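**Student:** The following block contains the structure, expressed as structure tokens.
The values are calculated or read from the model by the stated rules, or taken from the named source; none is laboratory data. For clarity, every value in this text was computed on a predicted model and none was experimentally measured. Here the Cβ positions follow ideal geometry from the backbone for every residue, glycine too, while neighbour counts run over all protein chains shown. Accessible surface areas use protein heavy atoms only, side chains included; no ligands, DNA or RNA. Shrake-Rupley method; radii C 1.70, N 1.55, O 1.52, S 1.80 Å.
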Amino acid sequence: MYREARWRAVFADEGLRGRWLAYARAWNERINALVSFSDAAGAGVAGADVAPAGPLAGVPCAVKDNIAVAGQPLSCGSALLGAHVAPFSATCVRRLQDAGAIVAGKTNLDEFGMGSDTQASVHGGCANPWDLELVPGGSSGGSAAAVAAGIVPFALGSDTGGSVRQPASFCGVFGLKPTYGAVSRFGLVSYASSLEVIGIIAESPELCGQVLGVIAGLDERDQSTVAGSPDRDAVQTIGVPRACRRELRDPQVRAALDAAVGQLAGLGYRMVDVDLTTLRYAAAAYYVISCAEASANLARFDGVRYGVRAAAESADEAIIASRSAGFGEEVKLRVLAGTYVLRSGFHDRYYLRAQRVRTALRDELAALFDRVDLLLMPVYPVPPFARGSARLDPFEQKVADRYTTVANLAGAPALSFPTPQPRVPIGMQLIGPNFGERLILDVAARYAAEHPPARPPGYAEDWR
Ligand code: GLN
């Protein structure tokens, strides 16, 4: 459970704040979750520029380092951005600060949000607080690790193809990907604009809901923001795609899914098997569309306007040299792949085809939500994997995004929640109809009350 009063007390008291900071720094030396601490983290409520009476007054949070916080570094995990400092704050950060929250620091990520393990970062890899030899997931791995370690009760991430839910699943915390457009993207460094949304990683579903209430809503700076409400008010039936149960090969994830089906049935929900035939095309469509959008979005990083500019004879050479030196391998791969699928002649074969898959998937999901209220699916086909050379290779990681990318292609809200596990965390996800966040969070809150999430070794419940 989220204990708001605990955090309030900490940040109002200098002695407690000092001990919190020591706890945070000690954890961070082991896991490398935060890539910078803010001045506000040291100064607390008194010294910070926050509203002391808001609903989140004195509650610290962390922000993924691809979301702008005025005056703080904005690296996107990339060498190209160097020591770039954000000149303004993202809308959701401003709203959090208006509600009294304190941004304690920026969190580690895969460069520009491209990845699933938070190892491809200019700041070095991030570790999973449950086992330092394991990845925390990604790309919002730093946000998930910071919450799991108890450094902050919640953190912001971005979810383009699963980057909030998958690390939440790997770290044993809750990760909410809101409906597309429910939260302003102003101040988020774009990777694939039509798929991504700022999401919330938190220690409880209640806190996810509270933070969503603060950051969601229309924003004149982001014309894609929409306000809406769900088309139903209660959850009775939850569908489980047959394909998930059929194809899951990992025994732990399989057991976790089967157990979750039984546990949700135990809470009174009617669990039914459903077909989701477009599932098998989701990851492929996602990678075509996201790479295409990335190739356009990342064109702005030319070494002229932001970050590090390489020395060269001409402007063209400077841009080539800056991008060659500044971007990592995965980013280069995606920019090239995106350019390839958009080339004339290839456009129909790849890009348009992927868009048709996207439409089919969206239609199939809409039809399913006529029959069921939510869907239950795995988040990732394998448990948290090892860091270093034994990790899943980049291609295996992409194929493994098939369960998370469904919600991004459809724009639907989805939540990763921890299931009871003997060893390492494994999360499952609930996907809902548009603007169905409350429905999902209510089910998760009931589930968590019955099956409370565990904490990693070294997590201090009360470190005072
Ligand atoms: N793993 C996915 C990818 O590598 C998700 C990224 C994201 O959601 N930012 O693209």
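**Student:** Would you check if there is a residue in the stretch 306-327 being out of contact with any Pro (no Cβ under 9 Å at 6 or more places or on another chain), without any contact (Cβ under 8 Å) to a residue 24 or more places away in the chain, more than 16 Å from the ligand (Cβ to nearest atom) and under 30 Å from Thr179 (Cα atoms)?
**Tutor:** The first filter runs over the stretch 306-327 and keeps only residues out of contact with any Pro (no Cβ under 9 Å at 6 or more places or on another chain), leaving 306-327.
Okay, now just the ones that are also without any contact (Cβ under 8 Å) to a residue 24 or more places away in the chain, so 309-321, 324.
Add one more test, that the residue is more than 16 Å from the ligand (Cβ to nearest atom), and what stays is 309-321, 324.
Imposing the further condition that a residue be under 30 Å from Thr179 (Cα atoms) reduces the set to none.
Taking every residue of the stretch 306-327 in turn, none turns out to be out of contact with any Pro (no Cβ under 9 Å at 6 or more places or on another chain), without any contact (Cβ under 8 Å) to a residue 24 or more places away in the chain, more than 16 Å from the ligand (Cβ to nearest atom) and under 30 Å from Thr179 (Cα atoms).
**Student:** Considering only helices (runs of 4 or more DSSP H) fully contained in the stretch 90-198, which possess at least 2 residues that are away from the ligand (no atom under 16 Å from the Cβ)?
**Tutor:** 91-98, 141-148
**Student:** Test Gly82 against the stated conditions and say whether it is in a loop (DSSP other than H, G, I, E, B), more than 13 Å from the ligand (Cβ to nearest atom) and at pLDDT below 95.
**Tutor:** yes
**Student:** Are any of the residues in the stretch 273-285 open to solvent by 80 Å² or more (accessible area, probe 1.4 Å) and either within 13 Å of the ligand (Cβ to nearest atom) or in a helix (DSSP H, G or I) (or both)? Full working, then the answer.
**Tutor:** Applying the first criterion (open to solvent by 80 Å² or more (accessible area, probe 1.4 Å)) to the stretch 273-285 yields 275, 277, 280-281.
Remaining after also requiring either within 13 Å of the ligand (Cβ to nearest atom) or in a helix (DSSP H, G or I) (or both): 280-281.
Yes, some residue in the stretch 273-285 is open to solvent by 80 Å² or more (accessible area, probe 1.4 Å) and either within 13 Å of the ligand (Cβ to nearest atom) or in a helix (DSSP H, G or I) (or both).
**Student:** Just the residues that are crowded, with 24+ Cβ neighbours inside 10 Å and of a type in the set (Gly, Ala, Ser), please, taken from the stretch 86-113.
**Tutor:** Scanning the stretch 86-113 gives Ala90, Ala101, Ala104, Gly105, Gly113.
Okay, residues lined up against (1) within 16 Å of the ligand (Cβ to nearest atom); (2) in contact (Cβ under 8 Å) with a residue 24 or more places away in the chain; (3) assigned to a helix (DSSP H, G or I):
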residue	(1), (2), (3)
Leu361	no, yes, yes
Pro384	yes, yes, no
Val406	yes, yes, yes
Leu409	yes, yes, yes
Arg438	no, yes, yes
Pro457	no, yes, no
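**Student:** Would you pick out the residues in the stretch 202-237 that are β-branched (Val, Ile, Thr), more than 24 Å from Pro453 (Cα to Cα) and open to solvent by 20 Å² or more (accessible area, probe 1.4 Å)?
**Tutor:** Val214, Val226
**Student:** If a residue has to be open to solvent by 20 Å² or more (accessible area, probe 1.4 Å), out of contact with any helix residue (DSSP H, G or I) (no Cβ under 8 Å at 6 or more places or on another chain) and of a type outside the set (A, V, I, L, M) to count, how many in the stretch 52-81 make the cut?
**Tutor:** Residues flagged as open to solvent by 20 Å² or more (accessible area, probe 1.4 Å), out of contact with any helix residue (DSSP H, G or I) (no Cβ under 8 Å at 6 or more places or on another chain) and of a type outside the set (A, V, I, L, M) within the stretch 52-81 amount to 3.
**Student:** Looking only at the stretch 367-382, count how many residues are touching a residue at least 12 places away in the same chain (Cβ under 8 Å) and open to solvent by 10 Å² or more (accessible area, probe 1.4 Å).
**Tutor:** Residues in the stretch 367-382 being touching a residue at least 12 places away in the same chain (Cβ under 8 Å) and open to solvent by 10 Å² or more (accessible area, probe 1.4 Å): 5 in total.
**Student:** Here is a follow-up. Within the stretch 409-455, which residues are buried (at least 24 other Cβ atoms within 10 Å of the Cβ), of a type outside the set (A, V, I, L, M, F, W, C) and closer than 22 Å to Val135 by Cβ?
**Tutor:** Within the stretch 409-455, Ser416, Pro418, Pro425, Gly427, Gln429 meet the criteria.
**Student:** From the list Ala318, Ala285, Ala265, which residue is within 25 Å of the chain's Cα centre (by Cα) and either among the small types (Gly, Ala, Ser) or within 30 Å of Gln355 (Cα to Cα) (or both)? So that I can check it myself, show each step before the final result.
**Tutor:** On the way: Ala318 fails: within 25 Å of the chain's Cα centre (by Cα); Ala265 fails: within 25 Å of the chain's Cα centre (by Cα).
The conditions single out Ala285.
**Student:** Now a separate question. Quick one: which residue in Arg402, Arg391 is of a type outside the set (S, T, N, Q), open to solvent by 30 Å² or more (accessible area, probe 1.4 Å) and closer than 15 Å to Arg165 by Cβ?
**Tutor:** So the residue among Arg402, Arg391 that is of a type outside the set (S, T, N, Q), open to solvent by 30 Å² or more (accessible area, probe 1.4 Å) and closer than 15 Å to Arg165 by Cβ is Arg402.
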